[in-house]
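What follows is calculated from the coordinates using simple rules that are stated; it is not laboratory data. Values in this document were obtained by computation on a predicted structure and should not be read as measured data. Heads up, the Cβs are rebuilt from the backbone with ideal geometry, glycines too, and the neighbour counts pull from every protein chain shown.
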Amino acid sequence: MAELVDTHAHLDELEDLSAAVEHAKRAGVAAVISVGQDLASNIKTFKLASAYPGFIYPAIGLHPWSLGNMSPRVLEENIAFIRDNLGNAVALGEVGLDYDKRVLKGAGKEQQKDILRCLLELAVEFAKPVSFHSRYAWKDSLQVVMESGARRLVFHWYTGFSSTLSGLIAGGYYISATPAAEYHDEHRRAIREAPTERLLLETDCPVHYGREEKYRSEPADILRSLKAAAAIKGISRDEMSRIVRENTNRLFGI
Ligand SMILES: [Zn+2]
């Protein structure tokens with residue numbers, strides 16, 4: 001099996017990181033891209049990455065969930081930190097749009113899009129790939145991304161429409177598979193429809209997965225993403241791991 005890379009994890013939210021790193025290495029994980037979601041999380045992500053050089057790669061961002069009632073001053077501090085530090089990160093992320101009712105209450109569609117345009121401009125300026133969140137906002141996400149000129153981007157944990165998926169594939173973008181690929185119909189459909197050359201693997205840990213029995217994920221659960229995605233594609237885990245390793249290198253340069 002080729003080396004596994006968890007391309008989207010929130011390591012700053014894990015309770016016992018050293019145990020999780022050990023489990024991950026035992027499972028064949030060679031690297032993890034840890035994404036930040038606001039100023040504090042971005043700072044912590046850099047710290048974690050320097051504690052595990054060559055294993056944890058930091059991405060910094062501003063998640064739509066973090067925007068709720070953020071003051072203009074704090075928003076500016078968040079963006080300034082990203083501008084000053086993106087050069088030292090492997091990617092911009094997590095950023096994106098989220099049109100869930102509860103998220104929209106804290107930050108409307110236009111506000112989310114304005115902030116996102118600002119962030120994507122930085123990704124273009126620093127020539128960094130992007131780890132992108134698009135829940136319930138798939139069409140607008142693709143439009144803003146295409147207009148921004150960002151070329152290297154993954155729609156992480158994609159569960160959106162087939163029509164938007166065709167558009168994002170035509171645009172040269174990627175999607176990533178989480179452990180929800182074991183049971184979630186829309187996610188499974190997206191993985192089936194996307195070319196294998198545009199698939200990545202991730203855990204989005206510490207997200208809770210599972211239908212009947214829920215578990216709190218960590219990077220070692222990338223094996224579930226791998227097995228499920230390989231089964232959907234009807235190829236061996238070996239072959240799947242080899243293809244996604246190349247895809248990861250192409251997109252993130254690691
Ligand atoms: Zn995430």
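A few comments on the model shown:
- Gyration tensor (alpha-carbon) shape descriptor, the range 32-136, a/c threshold 1.5: prolate
- Cut-off of 10 Å, at most 10 other beta carbons, DSSP loop: longest stretch of the chain lacking such trypsin sites (Lys or Arg not before Pro): 1-210
- Tensor-based shape of the range 146-254 (alpha-carbon gyration tensor, a/c under 1.5 rounded, otherwise prolate or oblate): prolate
- When you filter the GluC sites (Glu not before Pro) in the range 168-239 for DSSP loop state and at most 16 other Cβ atoms inside 10 Å of their Cβ, you are left with Glu212, Glu213.
- With 27 Å as the limit on Cα-Cα distance, the pairs of Lys128/Lys214; Lys44/Lys101; Lys109/Lys227; Lys25/Lys47; Lys44/Lys233; Lys109/Lys233 that go past it are Lys128/Lys214; Lys44/Lys101; Lys109/Lys227; Lys44/Lys233; Lys109/Lys233.
- Net charge of neighbours whose Cβ lies under 9 Å from the Cβ of Pro129, counting Lys and Arg as +1 and Asp and Glu as -1: +3
- The chymotrypsin sites (Phe, Trp or Tyr not before Pro) of the range 159-254 meeting both criteria, a DSSP state outside H, G, I, E and B (loop) and at most 15 other C-beta atoms within 10 angstrom of the site's C-beta, are Phe161, Tyr183.
- The chain - mean residue ellipticity at 222 nm from DSSP helices (-39,500 (n - 2.57) per run, n ≥ 4, rounded to 500): -14000 deg cm²/dmol
- Within the chain, percent of DSSP bridges classed antiparallel, to nearest 5: 10 percent
- Based on Cα contacts under 8 Å between residues 6+ apart, the chain shows a relative contact order of 21 percent.
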